[in-house]
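Rule-based calculations on the coordinates, nothing more; no lab input. Given the structure is predicted, the values throughout are model-derived calculations rather than measurements. As a convention, Cβ positions derive from the backbone with ideal geometry for all residues, glycine included, and neighbour counts pool all protein chains shown.
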Amino acid sequence: MVNIRCGSCSALLFRARHGAIANDIEIKCRRCGTINHLRPTEPLPDRQERPSRKNSCGSISRK
């Protein structure tokens, strides 16, 4: 678990597992009122990889 803290006053905002943030988050600190902008640590891929075409429909190729 990773502690996510306010950038201004270091108050604990929340705890999360590494890689749990999938998109941008804005969260307001309840202590000082600062709006914190959080981004995922690993960016989403621009395009997804194609699945391999080896028997992708489940059929068995016979020669």
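Would you mind checking which residues have amide H under 5 Å from residue 14's amide H? H placed 1.01 Å from N; only 5 or more apart, or other chain.
Here 4 satisfy the definition.
For residue 27, what is the net charge nearby, where nearby means another residue's Cβ is under 14 Å from its Cβ and Lys, Arg count +1, Asp, Glu -1?
Residues near residue 27 contribute +4 overall.
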